[in-house]
Each structure stands twice: as structure tokens, then as C-alpha cells.
Amino acid sequence: MENYRVEKDTLGEVRVPMDKYWGAQTQRSKENFKIGTEKMPLELIYGLAFIKKAAAAVNFKLGKLSEAKMQAIQKICDDIHHGNLDEHFPLVVWQTGSGTQTNMNVNEVIANRANHLLKEQSSAEKIHPNDDVNMSQSSNDTFPTAMHIAAYMKITETLIPAIQEIKHTLHEKELAFSAIVKIGRTHLQDATPLTLGQEISGWRAMLEKNERMIKEASAYLLDLAIGGTAVGTGINADPQFGEKVAEQISTLTGHAFRSSENKFHALTSHDEIVFVHGALKALAADLMKIANDVRWLASGPRSGIGELTIPANEPGSSIMPGKVNPTQSEALTMTACQVFGNDATIGFAASQGNFELNVFKPVIIYNLIQSIRLLANGMQSFNKNCAVGLEANMEIIKEHVDRSLMLVTALNPHIGYEKAAEIAKLAFKENSTLKEAALKTGYVTDEQFTEWMKPEKMV
């Protein structure tokens, strides 16, 4: 390390890059945990910055922090939220399970950058990362608090709007295709008719319910661990600190966060996140179904089902000219697979709360944020590049309806199940139309068949 400065912590001296604002504890973590490439999500960093900004205001009001220090800390927190200091948060997910090193990374960056600011102002104040930025806090309560802030804001501000966008698109398609009668399918076999609009309404209804379930589950994330400090007792913090910081965070974010009623639970349990991710998994399962339906219905186009046409966004093959592949469906279903895997990781990690602390926090929040991001981005991409461009192939849809043997179901009320089945089997055996088979059996007349066999009345 050619261009460095020397920082000190309780273990001694550490060399830190001159152009970085982090300190000794961050550098030690960077050197001791060279594991993987997965970095701590910036959403989590921003969540910690909300805490530090709120804590500075509360500690000032409680007479524990000078106004100059409060203002300097809050200014740097604003810089963090604006993305101006992203490069100064280098730590990987695979670190201490409490997230202590990332908490200290944030404390050190805020302190060092704030001290530069105070020096420029010719102030005699000196901010310490532990004593000032981390005042009345522990990593054990700030990190889970930041987890909840990050997840709730990401869901509310990114995921829910993405659901609403694709839901709106599907509703428009539902209305546009409301009069198109097509053949239904169950068990991958022909079934009775429905309209294409009705089929799409099922997709739209899935997303409506997903949105409700995610919102209901996410409400539990509004409970914050702040104020519990090391083990939930609130040692070294004012008894009102947790509640007042939660109020400040609510003001800063515009979301109704509150101090958790039981901090012992808040430090060692992440059942709220397990519950939320369960709702995300339900969304992923429905998106998997929708994307699969689209690629099945668009399959072919000449030797598959071919009832839908999808946009041709890019060449589908390096060897077959003119091929159009359902690439958006493939991307969306892969994100769903990742979310399923993340759910297993979160569920197991959340079960490992030993005594007063769960020490699997970084992997929990990493997977949660990844799931939210993938689902939101996946829906946005699928909506923009596929859903809005879906069109009905009227010729193929009509051909499938006309050829379907399951229209025979319309005859059940008139001639009974057994005779209707005989007609369907005869048509299949002789590769004839239903009408030809029906008339051959003598069970119905030409006039009766025409009157009863109207697919548009079967939907």
C-alpha cells in the first residue's frame, strides 16, 4: 500500500488508503475477510446513515452531543444518502454475523469525513466514531434496525410500484382481449373454452393478492430494535432513546417506524423478515407461473401452441435465423429460482438466534435485498419488453377452438355425459369434427348441434 495513512484502534496501528474515509476497524475487516465478491448492500448502508442522523439529533436534544457535532454528522449522513460516498463502504457480506464491522465502517466514514468538514470550518470539535457517531448504540441494535429500514423502504419504493406497473399492463390486456374466445387447458390437455381476457385476469388477480400480502407482511418491519444496545437491556442509552430515534427516522423517511416493544426479541429473532420473504416467495411463484404461461402460449409459433405473439427484442439464435425466443420469460423465471433459494437461506439463518443475538444478520439482509431487487427489476423488464407487446394470434386461437374435442362438454346437459363421451371418442378415433361425429351417432340433429355448440356461450 504505497499511499496510506496510519489509523489506530484498540488493537494498534493499521495502514489505510489515503483517499478513503474508513478507519482501522474497516481496514482490518477488509483484510481479514477476503471471502467472495458480495458486498454489503448500499440500501443497508443508507439505513445505517438514517440511524446515525436520527441518533445525532436525539443525543443533541438529550444534552449529550454538541450542536456542531450533530450538524457535521447529519451533513455527512446526507452525503451518504445522496450516493456521494458509496466507494467508502467496501466490506463483504461474509464478515461478523452481527454486522459490527459494517456498523463501524459507517461510523468511521462519518467521523473522518465530518472531522474534515469541521477542520475546514476551523472548529475545535473532534468527532469519534464510537463515542459520538455510535453514541447510545450497539451494532446489535443498529444493524437489525437498518435491516428493517432498508427492506421496508426497498419494498415500498421499488417493489410495490413494479407490481403496480405490470398489474396495470395486464389489466389493459384483460380488457383488450375480453371478447377473444380460446380453448382452456388443464393438465396440459384441452379443456372447455374461456376468453383470453379471463385467462389474463387470473394473472392480474395473482399480482393484486401478492401486493396485499407483501404490504401486510411488511408492516412488521416497522418495528425497530434501536434502543436495545448490546443485549436488549438498553445499557448506555437513555430510556427514551429508542423511541425518540424511531420518531426521528419516521420523520426522515416518511414511514411510520416505531420502537419495538421487546428489544430482546428484536436482537435475536428475524421472524418478521422470514414472514416478509415468504410473501416475496409467493410473488416469485406467481411470476414463475405467468412467465411460463406466456412462453407456452407463444411457443412455436408454427409447431407449438402459438396463441400469443411476443415482441422480437433480439435475435433468438446464433445459428437459426429469424428465431424469436421468450427471453424475458426466461430471465423472470430465473429470478424466481433465485428467490426460492434465498428463502431457504433466510429461513435457516433466521433459525440460528443463540441466546441474546442472531449472528447471521448480513446473509439475511443480503438475500432479502437481492430478492426485492430481482423481483422489482425482473417485473419491470418483463413488463416493458414483453407484457406490453403481447398480442393475440386470432387465426391460431380460432383454429384451436374449432378443433377442440372438449367443446363436447356443452352437450352434457342435453344428451348426458356417456353419450357426449362417445361422440368425443368417435371424433378422436376417426379424426373428424365433433359435428360429424355427433351426427353420425344420431344423438343430436344438425339444428340441435348448431344451437347448443356455441363456444362464446361457454365462457
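The 3J(HN,Hα) values that the Karplus relation (6.51, -1.76, 1.60; θ = phi - 60°) gives for the stretch 120-131 are, in residue order, 4, 8, 6, 8, 7, 5, 9, 9, 9, x, 8, 6 Hz. Gly and Pro appear as x.
Considering all C-alpha pairs of the stretch 1-151, those separated by over 20 Å amount to 45%. Report summary: the helix-based calculation at 222 nm, which adds -39500 (n - 2.57) for every DSSP H run with n ≥ 4 and divides by the residues of the chain, gives -18500 deg cm²/dmol. Computed 3J(HN,Hα) for the stretch 259-267, one whole-Hz value per residue from the Karplus formula 6.51 cos²θ - 1.76 cosθ + 1.60 where θ = phi - 60°, is 6, 4, 5, 10, 6, 5, 5, 5, 7, glycine and proline marked x. For residue 4, nonlocal amide neighbours, meaning residues 5 or more places apart or on other chains whose placed amide H falls under 5 Å from its own, are 18. In this Cβ point-charge picture (+1 for Lys and Arg, -1 for Asp and Glu), the stretch 199-330 has a dipole of about 380 debye about its Cα centre.
With 10 Å bins beginning at zero, the pair-distance distribution over Cα atoms of the chain amounts to 4, 18, 21, 17, 13, 10, 7, 5, 3, 1, 0 %.
Along the stretch 190-195 the Karplus relation, 6.51 cos²θ - 1.76 cosθ + 1.60 evaluated at θ = phi - 60°, assigns HN-Hα couplings of 4, 9, 6, x, 8, 8 Hz to successive residues, with x for each Gly and Pro. From the square roots a ≥ b ≥ c of the eigenvalues of the alpha-carbon gyration tensor of the stretch 350-426, which class results: rounded (a/c under 1.5), prolate (a/b over b/c), or oblate? Note, shape of the stretch 350-426 comes out oblate.
Put +1 on the Cβ of every Lys and Arg and -1 on every Asp and Glu Cβ in the chain; which of 90, 410, 442 then has its Cα farthest towards the positive end of the dipole? After comparing all options, I get 90. Within the chain, what's the longest stretch lacking trypsin sites (Lys or Arg not before Pro) that sit in DSSP loops with no more than 11 other Cβ atoms inside 10 Å? Formally, the longest exposed-site-free interval is 35-301.
The C-alpha atoms of the chain define a longest principal axis, and helix 241-253 lies at about 50 degrees to it.
Ignoring aspartates and glutamates fewer than eight residues from residue 34 along the same chain, the ones with Cα atoms less than 18 angstrom from its Cα are 87. For the modelled label position 7 Å from the Cα of residue 212 along Cα-to-Cβ, which residues of the stretch 285-300 have backbone nitrogen atoms closer than 14 Å? Nothing falls inside the zone, counting backbone N under 14 Å. Nonpolar atom fraction for the chain, defined as the carbon and sulfur part of the 1.4 Å probe accessible area, stands at 52 percent.
Shape class for the stretch 149-202: oblate, because the ratio a/c of the largest to smallest gyration tensor axis (alpha-carbon atoms, square roots of eigenvalues) is 1.5 or more and b/c is at least a/b.
Charge dipole of the stretch 375-459 (Cα centre as origin; +1 on each Lys and Arg Cβ, -1 on each Asp and Glu Cβ, all else neutral): 240 debye, rounded to the nearest 20. Which shape class applies to the stretch 258-306: rounded if a/c is under 1.5, otherwise prolate when a/b exceeds b/c and oblate if not, where a ≥ b ≥ c are the square roots of the Cα gyration tensor eigenvalues? Prolate is the answer for the stretch 258-306, as a/c is 1.5 or above and a/b outweighs b/c. For the chain, the longest principal axis of the Cα atoms and the long axis of helix 67-81 meet at an angle of about 30 degrees. Put a plus charge on the Cβ of each Lys and Arg, a minus charge on the Cβ of each Asp and Glu, and nothing anywhere else: the dipole of the chain about its Cα centre is then about 340 debye.
Using a probe of 1.4 angstrom and keeping all protein chains present, the accessible surface of the chain works out to 47 square angstrom per residue. Distant-in-sequence amide contacts of residue 325, defined by a placed amide H-H separation under 5 Å and a gap of 5 or more residues or a different chain, comprise 316.
Between helix 361-385 and the chain there is an angle of about 40 degrees, using the helix long axis and the longest principal axis of the Cα atoms.
Return, ordered by residue number, the residues of the stretch 78-104 whose backbone nitrogen is under 15 Å from a label point located 7 Å along Cα→Cβ of residue 10. In the stretch 78-104, the label zone of residue 10 (backbone N under 15 Å from the point 7 Å along Cα→Cβ) covers 100-101, 104. Scaled to the globular estimate 2.2 N^0.38 Å, the Cα spread of the stretch 1-41, given as radius of gyration, is 1.22. For the stretch 106-153, the alpha-carbon coordinates run over 39, 21, 12 Å along the three principal axes, in decreasing order.
The values are calculated or read from the model by the stated rules, or taken from the named source; none is laboratory data. Values in this document were obtained by computation on a predicted structure and should not be read as measured data. Positions of Cβ are generated from backbone atoms using ideal geometry, with glycine treated the same way; all protein chains shown enter the neighbour counts. Surface accessibility is based on the protein's heavy atoms, side chains included, excluding ligands, DNA and RNA. Shrake-Rupley method; radii C 1.70, N 1.55, O 1.52, S 1.80 Å.
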